[in-house]
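Undergrad: One structure coming up, written as structure tokens, with questions to follow.
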């Protein structure tokens, strides 16, 4: 009945693409995954020009592990926003999951060597090259035999596994979101405490522009870890709807037994803190 109602009213919302995301969330919460994906596919077929909405769409496709479709969306975003290093990074990470390892490496390498930061005179994305370096190390370690690397590139990267890695991304520009990770000793790793006593490390705090922000812990202690964000909205009504946060939790990052979990959070209003998820190590 719910899907039938969606078919009846969707034409009334043809000028509101975020409607499709909302309806997909509705069916996902009711454990109707295939219906949610079908609705997202309808949105892919639309001629979208709003890159923020498209980011939200791609995040949802990643959440559903439909990486082939996510790649299509990220490729469109890169054409719309070639000036943003995140456009290259998002596509690079999606390429890996469809087996396009060389394409993934090449895009991340552009970020790492600074090719995409020349125009970033205000240093909005300072630190993203270090995040790309971490992701390149893992990529080379896991797929090195399938990559065409120069002699210099072969010496630049090494195995750097960590027990815990948390990365957040978000779809709205001019938005400040801070990552917090609270460890089993109740110490909070965040931008004012970027090095925790048990060895956690926070990436550079990006207060404007897009993501990412990252937390890494080489040697985790047993217990519960809590992931939270501090969200400062930009008070601007977006055609693409509320800010959508993508949190990716890795354990045993860069090892053969690596595991990954994607969490999507809708940020409807500014709050002091928002719980994203918890996990035990």
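Undergrad: What's the angle, to the nearest 10 degrees (0 to 90), between helix 128-143's Cα axis and the longest principal axis of the chain?
TA: For helix 128-143, the angle is close to 80 degrees.
Undergrad: As I understand it, the value is the acute angle between the Cα axis of helix 51-63 and the longest principal axis of the Cα atoms of the chain; what does it come to in degrees, rounded to 10?
TA: 70
Undergrad: Further question: Would you please state which residues of the stretch 177-205 a label at residue 278 would reach in this model, taking the label point 7 Å out along Cα→Cβ and a backbone N cut-off of under 17 Å?
TA: From the stretch 177-205, the list is 180-189.
Undergrad: Further question: How much length, in nm to one decimal, is gained on full extension between residue 230 and residue 65, taken as 0.36 nm per residue of separation minus their Cα-Cα distance?
TA: Result: 56.7 nm gained on full extension.
Undergrad: So how much slack lies between residue 188 and residue 1, counting 0.36 nm per residue of separation and subtracting their Cα-Cα distance, in nm?
TA: Stretched fully, the residue 188-residue 1 segment lengthens by 62.7 nm.
Undergrad: Also: Using only alpha carbon positions, build the gyration tensor of the stretch 126-213, then give the equivalent ellipsoid semi-axes as the square roots of 5 times its eigenvalues, largest first, whole angstrom.
TA: Its equivalent ellipsoid spans semi-axes of 28, 18, 10 Å.
Undergrad: Please compute the contact order of the chain in relative form: average sequence separation of alpha-carbon pairs under 8 Å and at least six residues apart, divided by the residue count, as a percent.
TA: Here the relative contact order equals 16 percent.
Undergrad: Would you please put 8-18, 253-263, 62-72 in order of how densely packed they are, using the mean number of other Cβ atoms within 10 angstrom per residue and starting with the highest?
TA: 62-72, 253-263, 8-18
Undergrad: In degrees from 0 to 90, rounded to the nearest 10, what is the angle of the helix 67-80 Cα long axis to the longest principal axis of the chain?
TA: Long axis of 67-80 versus the principal axis of the chain: about 90 degrees.
Undergrad: If R₀ is 41 angstrom, what is the calculated FRET efficiency for the pair residue 266 and residue 143, using the beta carbon separation as r and rounding to 0.05?
TA: The computed FRET efficiency comes out at 0.75.
Undergrad: Mind putting together the pair-distance distribution for the chain? All Cα pairs, 5 Å bins, whole percent per bin, short to long.
TA: Distribution as computed: 1, 5, 12, 16, 18, 17, 14, 9, 4, 2, 1, 0, 0 percent.
Undergrad: Another question, if that's okay. For a footprinting-style exposure proxy, rank 76, 273 by other Cβ within 10 Å, fewest first.
TA: Fewest-to-most Cβ neighbours within 10 Å comes out as 273, 76.
Undergrad: Using r as the Cβ-Cβ distance of residue 106 and residue 32, and R0 as 35 Å, what FRET efficiency do you calculate, to the nearest 0.05?
TA: The formula returns an efficiency of 0.35 here.
Where a number appears in this text, it was derived from the coordinates with a stated rule and is not lab data. Small disclaimer: the values here were computed from a predicted structure and weren't measured. Please note: Cβ atoms are built from the backbone with ideal geometry, for glycine as well, and neighbour counts cover all protein chains shown.
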